[in-house]
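Report on one structure; see the data block that follows.
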Amino acid sequence: MQIASDDVRRLREKTGVGIMDCKKALAETNNDFNKAVEYLRKKGIEVATKRSGRHASQGMVGSYIHLGGKIGVLVEVNCESDFVAKSDQFLAFVKDLSMHIAAANPSWVVPEEVPAEILAREKEILGEQALKSGKPEKIVEKIVEGKLKKFYSEQCLMEQAYVKDPDKTIRQLLDELMAKTGEKCVIRRFVRYQVGEEQ
């Protein structure tokens, strides 16, 4: 099958993946651009999963100041090598992530960081709301589970929809970075300050 160089270039620009991988993706998906993007995303996630046991001790602390000094963000993102930490892709990711945190105001990086007492209180409130709305007790647990996912997608950075592209979560964005860099990358921690905000 003939793969058009324009399609390869367009796919490379969209995904940041190497030329040979883009050609292979187009060949595997009969030149279907959208399927090729999905194919590369899945491959990137597989590669990221394989790297999950590796140690990420390099990286950087990125910063962002918004609204003339009214909101400030510091975020630490780690990778495996100093080489990747200085790469344009990594630096762009950290910058975009800092801006996202300023805009989306997450409370935690991942759902596992939500304190047990906050989670218990949230479950209790959601359970009471479901019961008060007349839902049968046997399905209340499923309703609470579904609403907890929404809570995580609002409060946990990795589950949030990326402000620049709401079709992607921050988790997917991080997977894409790992696919592009070939290294394990981790969002370690962040802090967001807003003038006049109570601590």
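The values are calculated or read from the model by the stated rules, or taken from the named source; none is laboratory data. Since the model is a prediction, treat every value here as computed from it, not as a measurement. Note that we place each Cβ from the backbone using ideal geometry, even for glycine, and neighbour counts take in every protein chain shown.
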Scan (1) basic (Lys, Arg); (2) more than 30 Å from residue 19 (Cα to Cα); (3) surrounded by fewer than 13 Cβ atoms within 10 Å (Cβ to Cβ) for the single condition residue 189 breaks and write down its number. (3)
Check on residue 68, modelled with pLDDT of 95 or more, in the same structural domain as residue 160 (by TED's automatic domain parsing) and not aromatic (Phe, Trp, Tyr): no
Scan (1) farther than 27 Å from residue 42 by Cβ; (2) modelled with pLDDT under 95; (3) touching a Phe, Trp or Tyr at 6+ places or on another chain (Cβ under 8 Å); (4) not β-branched (Val, Ile, Thr) for the single condition residue 177 breaks and write down its number. (1)
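Can you report the number of residues in segment 53-96 which are in a helix (DSSP H, G or I), under 22 Å from residue 107 (Cα atoms), in contact (Cβ under 8 Å) with a residue 24 or more places away in the chain and among the hydrophobic types (A, V, I, L, M, F, W, C)? Don't jump to the end; show me each part of the working.
Our first condition is that a residue be in a helix (DSSP H, G or I); within segment 53-96, this holds for 67-69, 82-85, 88-96.
Adding the requirement that they be under 22 Å from residue 107 (Cα atoms) leaves 67, 69, 93-96.
Going one step further and asking which of them are in contact (Cβ under 8 Å) with a residue 24 or more places away in the chain, we end up with 69, 93-96.
From what is left, the residues that are among the hydrophobic types (A, V, I, L, M, F, W, C) are 93-94.
Matching residues across segment 53-96 total 2.
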Among residues of segment 99-146 being in a helix (DSSP H, G or I) and touching a residue at least 40 places away in the same chain (Cβ under 8 Å), the residue surrounded by the fewest Cβ atoms within 10 Å (Cβ to Cβ) is 113
Taking the conditions exactly as written (modelled with pLDDT of 85 or more and surrounded by 13 or more Cβ atoms within 10 Å (Cβ to Cβ)), does residue 17 satisfy them or not? no
